[in-house]
1. Where does each of 43-55, 82-94 land if you order them by average Cβ count within 10 Å, highest first?
2. Going through segment 185-260, which GluC sites (Glu not before Pro) have at most 16 other Cβ atoms within 10 Å and a DSSP loop state?
3. Length gain on complete extension for the stretch Ser173 to Ser18, per 0.36 nm per residue less the alpha carbon to alpha carbon distance?
4. For the chain, what does the helix formula give at 222 nm: sum of -39500 (n - 2.57) over DSSP H segments with n ≥ 4, over the residue count, nearest 500 deg cm²/dmol?
5. Say we join alpha carbon atoms closer than 10 Å with springs in a Gaussian network model of the chain; which of Asn192, Asn109, Asn277 then has the biggest fluctuation?
6. With Kirkwood's inverse mean 1/r over C-alpha pairs for Rh, give me the Rg to Rh ratio of segment 103-169, two decimals please.
7. How big is the Kirkwood radius of segment 28-175, worked out from every pair of different alpha carbons and given in Å to one decimal?
8. Would you calculate the volume per residue, in Å³, of the smallest convex hull containing every Cα atom of the chain?
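The values are calculated or read from the model by the stated rules, or taken from the named source; none is laboratory data. Since the model is a prediction, treat every value here as computed from it, not as a measurement. Here the Cβ positions follow ideal geometry from the backbone for every residue, glycine too, while neighbour counts run over all protein chains shown. Just so you know, the surface numbers come from the protein's heavy atoms only, side chains and all, with ligands and any DNA or RNA stripped out. Shrake-Rupley method; radii C 1.70, N 1.55, O 1.52, S 1.80 Å.
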Amino acid sequence: MGGHTGIVLNDYQTTIKSRVTLAGTGVHSGKPVSVTFVPSDVDTGIVFHFIGGKEPGKELRALVSEVGATDLSTLLGDPAGVHVSTVEHLMAAVLGVGIDNLVIEIEGNEIPILDGSAAMFVEAIDQAGLDVQPLKRRFIRVLKDVRIESGASWAEFRPYSGTRFEIEIDFESRAIGRQQFAMDLTGDSFRNEVARARTFGFLKDVERLWAAGYALGSSLENSVVIGHDNRVINMGGLRYPDEFVRHKTLDAMGDLALAGARFIGCFRSYRGGHRLNAAALRRLLSDRSAFEIVETTRRDRGRSAEISAVSGPVFAPWAI
């Protein structure tokens, strides 16, 4: 099935040109962790490769079928065994910059939180450089509405001629309140509008998590914190007036990057989170009538692309 998307699609898969390492603190463990991005072959996808730890050499693919927990962050693998947690900001950077194939060597079982956004991952990828590879990129094209609800929260995919996010949040705290953000995903829109938005939390929740042994690496260096008086207590204030909903958009991007390929469609959510994002993605991929796998067949003066249905790569969970 061919069709005109009305958007410019990058035809070919990409990886990075050289290795690059990032070191920091795990937001939950409070322990030092590091990741090294390694160039990889076509159709590798995104793979976490464990260095040391319980099972050195073990690999986990960055796919929604590997999601083992979504309580405080998105965790891949077995929470009681080999796993990697807090993958969402890194995966958002991979999606936003446009990387298809990457091996991520990891020491520890958590991605460093860095400044709580995706900005430093983007800087590392820029430092390594992008390498265009000689195989077509495949896309998941949404063909019909797919929706999931949980109480007052909901999330849905809709057909759309591009990759779009429409996110709405609604908090009782007057520091946040009700915020909406919508964006067509491009490299520029990601970098300028979403990449620097930091994770956020409430001081009362952080104190409770600390007491329970969680969020041990959380601090004002990597989180926007709302105090007991419902005000942001970070000295520098916010990076965007609506940084909260932009960070929720960043989280959604990272969670949906676990599809195994980038999607052509619109993702919308109201009062969403990691659990709802993963559930919506599973719902989409479990319905073979809801999507098709496509690639570009020709370019028209660089402004748009013809797309046609193809078979999916072996690593992708098209039916889960």
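1. 82-94, 43-55
2. Hits after loop and neighbour filter: Glu221.
3. Here the segment from Ser173 to Ser18 would lengthen by 51.4 nm.
4. Computed ellipticity for the chain at 222 nm equals -5500 deg cm²/dmol.
5. For the chain, modelled as a Gaussian network with Cα springs under 10 Å, the answer is Asn192.
6. Over the Cα atoms of segment 103-169, Rg/Rh equals 1.06.
7. 17.4 Å
8. Working: hull volume 40.9 nm³, N = 320.
Considering the Cα atoms of the chain, their hull volume per residue is 128 Å³.
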